[in-house]
Amino acid sequence: MEKEKKKAFVTEDILKRDIAYRGMEKIPTEVYDDSKAASVAIANEIAKLIRQKEKEKKNCILGLATGSTPIKVYKELARMHKEEGLSFKNVISFNLDEYYPIDSKALQSYHVYMNTYLFDHIDIPKENINLPDGMAPQNKIEEFCKSYEEKIISLGGIDIQLLGIGRDGHIGFNEPGSSKKSKTRLIHLDKITKIDAGGDFFGIENVPKYALTMGVESILNAKRIFIMAYGESKSRIVKKAIEGPITQEIPSTFLQDHSNTSFYLDRAAADLLVRFQCP
Ligand code: F6R
């Protein structure tokens, strides 16, 4: 009897705590043991939608990210193509961003990244692949950005948008200060972003000063958004993005206003969330 009472009390306590942290988390958040499990879960969601759209004889419009974070999602999608026959013939992809200026054949370009980690391993038609043009002449940039936006809209919008998060809270290359209404454009990269990219470019001084990025509004127009963060180095910004107030200083906080966004974290990136602060 005494034992049962104790058990009931514990359950109630846990429930209260659950309510507390759910209130703190303004973006639905899934925490996995490791980045592989989180990435496989996202890849499954993407595959499900591709197959559903295929049945409906429709295209599946994917918004893709680069960086170290999505690599395991791409690896899993490539595996599903090879081993399970998942076809990407009905997929049209739009990448979030590209450095500017950069040659699309440069090792650090997101063109090369996408071929290396995904496109070379699946059957997506080449003409269905869209990336911002890091070689667009300066006087054509505005026109390019406008037509990138228009193409997405003309196809009915992005069905699933994949995102990582920068240590400064950027999504795409929407650096701190980016407005919620921002569209695809040229942007000056912040110091933190350049430091983080410095390794790939063999020194921060070689990192391009600018990037072309889809805007915050362009991202928020997606029907479904998966944002991933892995590792302890992301834990501070993850806490701000999920639990903090919405602010232009941290563009990822704008995702709190999107009705169909989920954060996928590993345990290390989630460590500072209130839900893990209860002893
Ligand atoms: C890349 C992108 C960026 C990255 C972010 C995290 O296309 O849009 O926002 O997602 O900088 O980068 P990683 O994953 O390398 O930590």
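The values are calculated or read from the model by the stated rules, or taken from the named source; none is laboratory data. Keep in mind that what you see is a predicted model, and the values were worked out from it rather than measured. A quick note on method: Cβ atoms are made from the backbone with ideal geometry, for glycine too, and the neighbour counts reach across all protein chains shown.
Listed values, structure above:
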read-out: Of all residues making up the stretch 177-201, the number that are within 13 Å of the ligand (Cβ to nearest atom) and in a helix (DSSP H, G or I); value: 7
read-out: Leading residue by the ranking (surrounded by the fewest Cβ atoms within 10 Å (Cβ to Cβ)) among those in the stretch 230-258 that are over 18 Å from Ser178 (Cβ atoms) and among the basic types (Lys, Arg); value: Arg236
read-out: Among the candidates Thr213, Thr261, residue that is surrounded by 18 or more Cβ atoms within 10 Å (Cβ to Cβ), among the hydroxyl-bearing types (Ser, Thr, Tyr) and under 22 Å from Tyr100 (Cα atoms); value: Thr213
read-out: Given (1) under 17 Å from the mean Cα position of the chain (by Cα); (2) closer than 20 Å to Arg236 by Cα, number of the condition Gly177 does not satisfy; value: (1)
read-out: Criterion: modelled with pLDDT of 95 or more, surrounded by fewer than 20 Cβ atoms within 10 Å (Cβ to Cβ) and of a type in the set (A, V, I, L, M) - qualifying residue of Ala65, Ala106; value: Ala106
read-out: Tally of residues being among the acidic types (Asp, Glu), in a helix (DSSP H, G or I) and free of Cβ contacts under 8 Å to residues at least 40 places away in the same chain across the stretch 230-277; value: 1
read-out: Whichever residue in the stretch 164-176 is in contact with a Pro (Cβ under 8 Å, 6 or more places away or on another chain) and not acidic (Asp, Glu) and, among such residues, is farthest from the ligand (Cβ to nearest atom); value: Pro176
read-out: Yes/no for Ile227 being near the ligand (Cβ under 10 Å from one of its atoms), within 13 Å of the chain's Cα centre (by Cα), outside any loop (DSSP other than H, G, I, E, B) and buried (at least 23 other Cβ atoms within 10 Å of the Cβ); value: yes
read-out: Residue count, the stretch 211-224 (criterion: away from the ligand (no atom under 12 Å from the Cβ) and touching a Leu at 6+ places or on another chain (Cβ under 7 Å)); value: 0
read-out: All positions within the stretch 167-181 that are closer than 17 Å to Thr261 by Cα and either of a type in the set (Gly, Ala, Ser) or free of Cβ contacts under 8 Å to residues at least 60 places away in the same chain (or both); value: Gly169, Gly172
read-out: Selection status of Lys126, surrounded by fewer than 23 Cβ atoms within 10 Å (Cβ to Cβ), closer than 18 Å to Gly164 by Cβ and not small (Gly, Ala, Ser); value: no
read-out: Residue list for the stretch 135-167, filter: touching a strand residue (DSSP E or B) at 6+ places or on another chain (Cβ under 8 Å) and assigned to a loop (DSSP other than H, G, I, E, B); value: Ala136, Leu155, Gly156, Gly157, Ile158, Asp159, Gly164, Ile165
read-out: Residue within the stretch 207-225 that is touching a Phe, Trp or Tyr at 6+ places or on another chain (Cβ under 6 Å) and modelled with pLDDT under 95 present; value: no
